[in-house]
């Protein structure tokens with residue numbers, strides 16, 4: 001009889017463990033600067049994309065260590081969103097901290113950033129590359145010690161005169177850009193979900209240049 005109980009409860013325990021496996025985690029990082037004056041600037045598109053995603057899914061951010069943080073679960077996956085509160089130039093510190101704290105492998109990281117080298121609204125996903133002169137990516141690369149991490153670049157174009165780059169990236173969207181943003185933000189949320197559910201290669205094939 002005791003053997004039966006040991007077998008029965010042992011089996012139940014194993015089944016319970018299998019049913020409650022830890023969800024696969026992904027770290028989705030939107031780059032930007034904290035503060036109301038930066039909220040609607042081109043440089044803050046990473047924040048804007050995460051805010052849009054979370055508002056549609058009724059997920060809220062809360063202030064945590066080095067970042068504002070939110071969680072979203074879908075099909076057995078856990079999306080961990082962070083918006084670093086270290087300012088753009090020190091973004092890598094928050095990325096490194098949350099990767100380590102949540103024990104997330106590098107291949108499950110996606111960093112979202114603005115890109116001057118792409119036309120407005122162009123969406124491009126890559127698995128590696130240089131920082132392209134972007135201070136946020138430069139710090140992420142420095143802290144991670146590699147350029148081999150997934151990044152999602154949102155084109156903001158280079159429609160500025162010589163010597164006006166800083167004013168341009170820290171400037172607000174034009175009226176025409178504002179009209180086109182909702183559709184681009186919606187497409188961006190599809191990219192994030194695809195990255196988590198379908199993988200980086202399928203996502204690049206499906207969305208690059210779209």
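Using the alpha-carbon centroid of each, what span in Å lies between segment 164-209 and segment 104-127?
9
Taking 0.36 nm per intervening residue step and subtracting the Cα-Cα distance, what contour gain separates residue 24 from residue 58 on full extension?
Length gained between residue 24 and residue 58: 10.1 nm.
Can you put 192, 34, 112 in order, fewest other beta carbons within 10 Å first?
Lowest count first: 34, 192, 112.
How much of the DSSP bridge set in the chain is antiparallel, in percent, rounded to the nearest 5?
Antiparallel bridges: around 50 percent, rounded to the nearest 5.
Quick check: from the Cα gyration tensor, does segment 35-108 come out rounded (a/c under 1.5), prolate or oblate?
Oblate.
Helix 2-19 against the longest principal axis of the chain: what's the angle in degrees, Cα atoms only, rounded to the nearest 10?
Computed tilt is about 10 degrees.
Per DSSP H run of at least 4 residues, take -39500 (n - 2.57); add these up for the chain, divide by its residues and hand me the 222 nm value, nearest 500 deg cm²/dmol.
Value at 222 nm, helices only: -13000 deg cm²/dmol.
Rank 67, 94, 119 by mean-square fluctuation in a GNM of the chain with C-alpha springs under 10 angstrom and give only the top-ranked residue.
Greatest mean-square fluctuation among the candidates belongs to 119.
Shape call for segment 88-210 from the C-alpha gyration tensor, a ≥ b ≥ c root eigenvalues: rounded (a/c under 1.5), prolate (a/b greater than b/c) or oblate?
It comes out oblate by the Cα gyration axes.
Using alpha-carbon pairs under 8 Å, 6+ residues apart, how would you state the relative contact order of the chain in percent?
Taking the mean separation of contacting Cα pairs over the length of the chain, I get 23 percent.
Enter the angle in degrees (range 0 to 90, nearest 10) between the Cα long axis of helix 175-198 and the first principal axis of the Cα atoms of the chain, meaning the one along which they spread out most.
For helix 175-198, the angle is close to 30 degrees.
Fewest to most neighbouring Cβ within 10 Å: what's the order for 106, 27, 170?
Lowest count first: 106, 170, 27.
Tell me, Kirkwood radius of the chain from alpha-carbon pair distances, in Å?
Computed over the chain, the radius equals 18.2 Å.
Any idea what angle helix 135-144 forms with the longest principal axis of the chain, computed on alpha-carbon atoms, 0 to 90 degrees, nearest 10?
30
Since every read-out is calculated from the coordinates, none of them should be taken as a lab result. What you see is a predicted model, and the numbers here were worked out from it, not measured in a lab. In this analysis, Cβ positions are derived from the backbone assuming ideal geometry, glycine residues included, and neighbour counts consider all displayed protein chains.
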